[in-house]
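Only one structure is covered here, and it is reproduced in the block below.
Please treat every number below as a calculation from the coordinates, not as lab data. No experiment lies behind these values; they were computed from the predicted model shown. Ideal geometry is used to build each Cβ from the backbone, glycine not excepted, and the neighbour counts take in all protein chains shown.
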C-alpha cells in the first residue's frame, strides 16, 4: 500500500496525524507492507526566511494575548501527549518551510530508506525540543546524522533543485481537494483529512485493502 501524506513540518497536527497513522499500521501489521510518501504543503509560502517565535506570530495573526496563545498551544500539547509526543510549542519558531521540504523530497528520491527517519527527526526536534529547521545551517546536522553527504545538501540549497517539486506537490493538493493538512491519500483511492482518530486510519487502510 502506498500512502501519500501532504504535510507541513511546522504543523503540529501533522506530526500527531502521522503518529496515529503509524499506530494504525502497527495494529494491522501493515508496517512492512506500506510505503509512506511525503508530499510538501506550505501553510504559509510567503513566510519570512527569518524565523520568529511562534507565540508572537500566532498572537499577531489571531489578535490574541500571549496568555490566550499559550492556552491554544496547551490544548494541542495535551492531544500530542495521547500519542506519546512531548510538545513544547512555546519554544518553537515560525519560518519558511520551503527548504526543509526540498531536503526531505531530495532524500526521498535519492536515499528513500532515510526519508521517513529524517522526517521523524525533524518533527521531533521542532515540536519537542524547539529547534529551528529552516536554514542550511539548521538542517545540515540532521542530514549528516542520517548519512547524507553535506556537500550535496549544500549544492541543493545553493541551486534551485526541488523548488518545482514543492510547488507541484502544493498544486496536486489543490487538485485533490486538500485545502489544509495533514491530508492522507491511500493508493490514490481514499482520502482522509486531518489528524483523525486511529480508528479512522484503520478503517481507511482496511477499505483500501478490500478495494484492490
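Shape class for the range 34-103, computed from the alpha carbon gyration tensor (a ≥ b ≥ c): oblate, with a/c not under 1.5 and a/b at or below b/c.
Distance between the C-alpha centers of the range 74-107 and the range 1-30? Whole Å please. Centre-to-centre distance over Cα atoms comes out at 13 Å.
Relative contact order, whole percent, for the range 2-211 stands at 32, derived from Cα pairs under 8 Å and 6 or more residues apart.
Secondary-structure-derived ellipticity at 222 nm for the chain, considering helices only, amounts to -17000 deg cm²/dmol, per-run term -39500 (n - 2.57) for DSSP H runs with n ≥ 4. Between residue 129 and residue 34, the FRET efficiency from the beta-carbon distance, with R0 = 41 Å, is close to 0.90.
Could you tell me which of rounded, prolate or oblate describes the chain, using a ≥ b ≥ c as the square roots of the eigenvalues of the alpha-carbon gyration tensor, with rounded for a/c under 1.5 and, failing that, prolate when a/b is larger than b/c and oblate otherwise? Note, shape of the chain comes out oblate. For the range 29-126, the relative contact order is 34 percent, taking Cα pairs closer than 8 Å that sit 6 or more residues apart in sequence and dividing their mean separation by the residue count.
Beta bridges assigned by DSSP with both partners in the chain are antiparallel in approximately 60 percent of cases. Treat each spin label as a single point 7 Å out from the Cα along the C-beta direction, and report the residue 50 to residue 151 distance in nm. For residue 50 paired with residue 151, the spin-label model returns 3.4 nm. Of all the options 92, 82, 49, the one that moves most in a Gaussian network model of the chain with Cα springs shorter than 10 angstrom is 82.
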